[in-house]
Amino acid sequence: MLMHALSVEDMTKKSEDILHAGRLGKFDESVAAFTSSIDIDPRLLEAVVQINSAHVLMLSDQKILDNYVARSLLRALQRIPRNIKLSKVLEDVHMNVEYFVISFLGKDVGGMLNLAKSRNDQVATAIRMDMRKALSQIAHALIGMESSLISQAKRHASTVMPGYTHLQRAQPVTVGHHLLAHFDALERDIQRLRQCFNRTNISPMGAGALASSSFDVDRRKVAYLLGFAGVVENSLDAVSSRDFATEAIYVCAQILNDLSKFAEELVLWTSKEFSFVEIPDKYTSTSSLMPQKKNPVVPEIVRAKAAQAIGDLVGALGIMKSLPLTYNLDLQELSRNLWSTTDKALHSLIVFGEMVRNLKFNETVLEEATKTDEALYATELADYLVTAFHLSFREAHSRVASLVRYAASKNQSSLFRSLGERDLSRILRVPITVKEVESLIEPLRVLSKRKALGAPNPKLVIAACVRRERSLVDQDRDWNRIDRKLTKARRSLDSRIEKILANKAMRMNKSAQKEVTNKEKGEEVKQ
Ligand code: ARG
């Protein structure tokens, strides 16, 4: 393409001639490098070409553009290489696309591309289109992560483990139950993603720079052609709002926070002190110095990415907080925060999700920890005193506390079993037998007694897994439906364009055709 071949000076000259003739003085390369979005814009190229095409189709349907001009513009847009090298002299992808079309068709025809639209409504639309894809990819990866958790939860519905508060051992739970807690947090995140998608999937096109257009544009038609569910109505709001973006950053930051909490547990649990779980080798790394090391690097990176996402969220909200309406170039910088967070969330979900599917829980260690640490059953004993000896809970609590204190003073690792019936009855001040106490410290028995909704009873955990698996299938279907709708819109836009380009009746008159063909030839030689 012509653009590649030109030096910065020539390009500057040419772009000034073509795009902003006469408005400003000399262009400064280092300032352009500072204010341009070229480095992040390739991501938007595909959407920008589609938006331009849909806009041209609408202008043609509205009889604002004649068939010949519309067809030429569509053809030029089709010719833009997907890997085109964008020039920073032209500021951004929008100007590059227009420049390409004008160089291809000449200013009379190509110069009609930006009729009744602006970079402001265009960029807001392009970001939304890119976000629809990103949100769907994140949702699919999240579903993958959730299904990893479910498959481990099912496998370990009866694998007992100590549950913690304040990182101190508290009461027995199961690994399955613990994993479902992480699942449920992610389940709320996928609902947030879905709501964020709805607020993202509306089109700003037709809002122009800020005040729409004096031409009779059909905003709904462009929205429809681009697969949007509707339009962002108010033209000022359409070009200046980015709350769909800050919301997406928040949802991704929340996902990463939820992953990070689990990541932190895995870092602890893989340490020798816990040894609850083993991460397969390929998700770990060793030390360049200490040959014995196996470091939990994937959870560590997830933990750090969650922190960076928080930074991106704070930065994005900061950018937005005092912007006067409407478009300000500050908005361009927000896209960096947006994409850096969505990319992080997607990548983390994929790698971490795969890792979780392959974790190996150390059942022997977990069972041992849950069985031998009798302090985990202190609450169970207090509850029993209430039921069997009609004490108030507070009274039972303080009698068991005395027992715990006594055992600690004797340096007893086992709280109850090492004490005889006499000691137990004396300290608890009730005629309790060793047999009664032993029945209280059997983890699976303790857990299966819990019947309340959401309790760590293995049977309830299995039932919860089954329900959640079903809901995952529904979520997957929902997001597949979204993907299909977007693909369908894309295909019908493409086929409308193809039809127009193939339609003989819409072909230009002979002399115009010759002129354009000559131009094309000239351009192609310089590519
Ligand atoms: N590159 C800008 C962005 O990413 C869009 C251009 C709007 N510029 C303007 N001068 N109105 O947001």
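Applying the set (1) under 26 Å from P162 (Cβ atoms); (2) in contact (Cβ under 8 Å) with a residue 60 or more places away in the chain to A407 leaves exactly one unmet item: (2).
Residues are listed down the side, and each one gets a yes or a no for (1) over 30 Å from T487 (Cα atoms); (2) surrounded by fewer than 19 Cβ atoms within 10 Å (Cβ to Cβ); (3) modelled with pLDDT of 95 or more:
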{"position": "A238", "(1), (2), (3)": "no, no, yes"}
{"position": "A263", "(1), (2), (3)": "yes, no, yes"}
{"position": "L268", "(1), (2), (3)": "yes, yes, yes"}
{"position": "I279", "(1), (2), (3)": "yes, no, yes"}
{"position": "P296", "(1), (2), (3)": "yes, no, yes"}
{"position": "I310", "(1), (2), (3)": "yes, yes, yes"}
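Every listed requirement among (1) part of a helix (DSSP H, G or I); (2) in contact (Cβ under 8 Å) with a residue 12 or more places away in the chain is met by I38 save one, (1). Name the residues in the range 215-235 that are over 18 Å from D61 (Cβ atoms) and either away from the ligand (no atom under 16 Å from the Cβ) or loosely packed, with under 15 Cβ neighbours inside 10 Å (or both), would you? Across the range 215-235, the qualifying residues are A229, G230, E233, N234. Can you tell me which residue among M320, M290 is within 16 Å of the ligand (Cβ to nearest atom) and either on the phi < 0 side of the Ramachandran plot or not polar (S, T, N, Q) (or both)? Matching residue, one of M320, M290: M320.
Kindly indicate whether A229 is more than 22 Å from the chain's Cα centre (by Cα), at pLDDT 95 or above and among the small types (G, A, S). Criteria not met by A229. The residues of the range 120-161 that are out of contact with any Phe, Trp or Tyr (no Cβ under 8 Å at 6 or more places or on another chain), of a type in the set (V, I, T) and within 26 Å of K360 (Cα to Cα), listed by number, are I138, V160.
A quick yes/no check of all residues on (1) in contact with a strand residue (DSSP E or B) (Cβ under 9 Å, 6 or more places away or on another chain); (2) within 30 Å of F361 (Cβ to Cβ); (3) assigned to a strand (DSSP E or B); (4) without any contact (Cβ under 8 Å) to a residue 60 or more places away in the chain:
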site	(1), (2), (3), (4)
A209	no, no, no, no
S213	no, no, no, no
V222	yes, no, no, no
F228	yes, no, no, no
A245	no, no, no, no
V251	no, yes, no, no
Q254	no, yes, no, no
N257	no, yes, no, yes
F262	no, yes, no, no
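Considering the range 60-98, the residues that are β-branched (V, I, T) and within 14 Å of the ligand (Cβ to nearest atom) include one that is farthest from the chain's Cα centre (by Cα), namely V89. Consider the range 427-458 and keep the residues that are free of Cβ contacts under 8 Å to residues at least 12 places away in the same chain and outside any loop (DSSP other than H, G, I, E, B). The one that is nearest to T370 (Cα to Cα) is R445. Residues in the range 118-141 that are more than 12 Å from the ligand (Cβ to nearest atom) and farther than 22 Å from L193 by Cα: there are none.
The values are calculated or read from the model by the stated rules, or taken from the named source; none is laboratory data. Fair warning: this is a prediction, and the values are worked out from it, not measured in the lab. We place every Cβ from the backbone using ideal geometry, glycine too, and count neighbours over all the protein chains shown.
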